[in-house]
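Step one of this worksheet: look at the structure below.
The numbers here are math on the coordinates, done by the rules we state, and not lab data. Note that the coordinates shown come from a computational prediction; the quantities given were computed from them, not determined experimentally. In this analysis, Cβ positions are derived from the backbone assuming ideal geometry, glycine residues included, and neighbour counts consider all displayed protein chains.
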Amino acid sequence: MFEPKHAHDGISLAAPQIALSLRIFVVECTDQETGKHCKVAIANPEILKAEGEQRLQKKNPGSGSAAAWIGDIIPHGLFVQS
């Protein structure tokens, strides 16, 4: 899964994004303070706790339904177990 992630210059990739029906994701990053590079592959993750900022945006301004909203959670900390 790291190869398709590199092909699209991504930071992370989940198996369903490349048509694999698996509960796997990969992440690759570099610590800005230490310069240490890490690659992580997680199988069957369960989110235990997420801390961060949630941003919602109205995708259909004329609609009052909950489905009219989309959003992202920008985590500062994500704790998972596999």
From phi via Karplus (6.51, -1.76, 1.60), per-residue ³J(HN,Hα) for region 16-23 in Hz, x at Gly/Pro: x, 5, 10, 6, 10, 8, 9, 9
What is the extension gain from D31 to Q17, computed as 0.36 nm multiplied by their sequence separation minus the C-alpha to C-alpha distance, in nm to one decimal? 2.5 nm
Can you work out the Karplus-derived ³J(HN,Hα) for every residue in region 29-40? Use 6.51 cos²θ - 1.76 cosθ + 1.60 with θ = phi - 60°, whole Hz, and x for glycine or proline. 8, 10, 5, 5, 7, 9, x, 6, 9, 9, 10, 9
Could you pull out the trypsin sites (Lys or Arg not before Pro) across region 1-51 that fall in loop regions by DSSP (anything but H, G, I, E, B) with no more than 10 other Cβ atoms inside 10 Å? K36
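By the scheme Lys and Arg +1, Asp and Glu -1, what is the net charge of all other residues having a beta-carbon under 14 Å from that of E28? Don't skip to the answer; put the middle values down first.
On the way: positive: K5, K36, K39; negative: E3, D9, D31.
So the environment of E28 carries a net charge of 0.
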Could you name the aspartates and glutamates in cross-link range of K49, using Cα to Cα under 20 Å and dropping any fewer than eight places away on the same chain? D72
